[in-house]
Amino acid sequence: MPKPYKQYLEAFQVCGKQLQSCLDQLGDCSYAWLKKEPRNPSFADLIFRVGNRVYAVLIVRVEHATGQRGKTTHLQISVPTPERDLFLSECERYNLTPLFFPMWMNSMAPLSMGWNLLVPESGAFLDPAVEKDLPHPVPMGAWELCNFRISIVLRHLHEQHLQILSWQDIPDIYPHILFRAADNAICWVIVIAADASEKLPDAASINSKLPDSPDEVRGYVARVDLQGTQRSSFPARGDSFLTNFKGLEAL
């Protein structure tokens, strides 16, 4: 990931714009953005779905490359080992396809035209438009389910005309959402499955980890149930869902 943050935002915008131009050319193949804005914490820069495959993208720095455009014969990229290891392990954990998006950081130019996506293990270019799709149904992974449930809660908060301060979608990192209540108080939300049985951290332990957190920060849990409307007996990629969310519960 390029540093400093201003440079990263520029790289992020270039990457997102180039990938969007490729997604726009997919024709009848369905796609969806699952992550298209910078968030912290996060293990990937952008995440999108094409058909039943979900691709996680990490922007990496090109140090040296030789060969014709699109036919690189030698490529040297720079990505910190901890960042690379976290990216690959989380993609495996959540059943996502990991891909690098290489950029010349001095010029903010992608290495190649088109998708410009590299397979980390082989360094080969990958084209999601011609990649063979996975047969339906493919179960949604824990990250996808968490991301979808959070979108339901965010929509609810927007409908209540409440200010979203920040949010992140790592399943087991809390809280997921910070928002400002109608009385101007700062509040946080943990988003889980309606039938989740795991023990949740208490409000005091979460407040202690928030930077400059006042004692009066209020904590809530949002339980969101998802029921597929198609033939799958489980939440599957590309399916439509019936959702059941009854509001925030105070902790």
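Each reported figure results from applying straightforward, stated rules to the coordinates on display, with no laboratory input. In this text the structure is predicted, and so the values were computed from the model without any measurement. Neighbour counts are summed over all protein chains in view; Cβ atoms, including those assigned to glycine, are modelled from backbone coordinates with ideal geometry.
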key: Listed residue (Met103, Leu58, Cys91) projecting farthest to the positive dipole end of segment 5-110, Cβ model   = Met103
ask   = Along segment 121-135, what does the Karplus equation 6.51 cos²θ - 1.76 cosθ + 1.60 (θ = phi - 60°) give for ³J(HN,Hα), rounded to whole Hz, x for Gly and Pro?
value = 5, 9, x, 7, 6, 10, 10, x, 5, 10, 5, 5, 6, 7, x
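Using alpha-carbon pairs under 8 Å, 6+ residues apart, how would you state the relative contact order of segment 5-110 in percent?
Numbers: 148 pairs, mean separation 27.1, N = 106.
It comes to 26 percent, rounded to a whole number.
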query = Relative to the longest principal axis of the chain, what angle (0 to 90°, nearest 10) does the C-alpha long axis of helix 5-23 take?
reply = 80
key: Separation of the Ser205 and Ser240 label points, Cα + 7 Å toward Cβ, nm   = 4.1
Relative contact order of the chain, defined on C-alpha pairs under 8 angstrom at six or more residues apart (%) = 13
note = Excluding near-sequence neighbours (fewer than 8 apart on one chain), segment 5-110 holds lysine pairs with C-alpha atoms under 21 Å apart numbering 5
inquiry  = Using Cα springs under 10 Å in a Gaussian network model of the chain, which residue among Lys209, Lys35, Lys17 shows the largest mean-square fluctuation?
reply    = Lys209
ask   = Using the Karplus equation 6.51 cos²θ - 1.76 cosθ + 1.60 (θ = phi - 60°), what ³J(HN,Hα) coupling, rounded to whole Hz, does each residue of segment 26-33 give in order, writing x for Gly and Pro?
value = 6, x, 7, 6, 6, 9, 7, 7
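As a test, work out the antiparallel percent of DSSP beta bridges whose residues both lie in segment 142-250, rounded to the nearest 5.
Values: 16 of 23 bridges.
About 70 percent, rounded to the nearest 5.
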request  = Rounded to whole Hz and in sequence order, give me ³J(HN,Hα) for segment 80-95 from the Karplus expression 6.51 cos²θ - 1.76 cosθ + 1.60, θ = phi - 60°, writing x for Gly and Pro.
outcome  = x, 4, x, 5, 5, 5, 5, 4, 5, 5, 6, 4, 5, 4, 9, 6
inquiry  = Connecting C-alpha atoms closer than 10 Å in a GNM of the chain, tell me which of Leu226, Leu26, Leu96 has the biggest fluctuation.
reply    = Leu26
Point-charge dipole on Cβ atoms (K/R +1, D/E -1) for segment 5-110, about Cα centre, debye to 20 = 120
request  = Output the Kirkwood hydrodynamic radius of the chain, Cα pairs only, in Å rounded to one decimal.
outcome  = 19.8
query = How much of the DSSP beta bridge set in segment 1-148 is antiparallel, as a percent to the nearest 5?
reply = 75
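Rounding to the nearest 20 debye, state how big the charge dipole of segment 142-250 is about its Cα centre with +1 on each Lys and Arg Cβ and -1 on each Asp and Glu Cβ.
300
Quote the relative contact order of segment 97-180 in percent (integer), defining contacts as alpha-carbon pairs under 8 Å separated by 6+ residues. Walk me through the numbers before you get to the answer.
Working: 75 pairs, mean separation 14.0, N = 84.
In percent, rounded to a whole number, it is 17.
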message = Which one, Ile170, Ile206, Ile150, has the greatest fluctuation when you compute a Gaussian network model over the chain with C-alpha springs under 10 angstrom?
response = Ile206
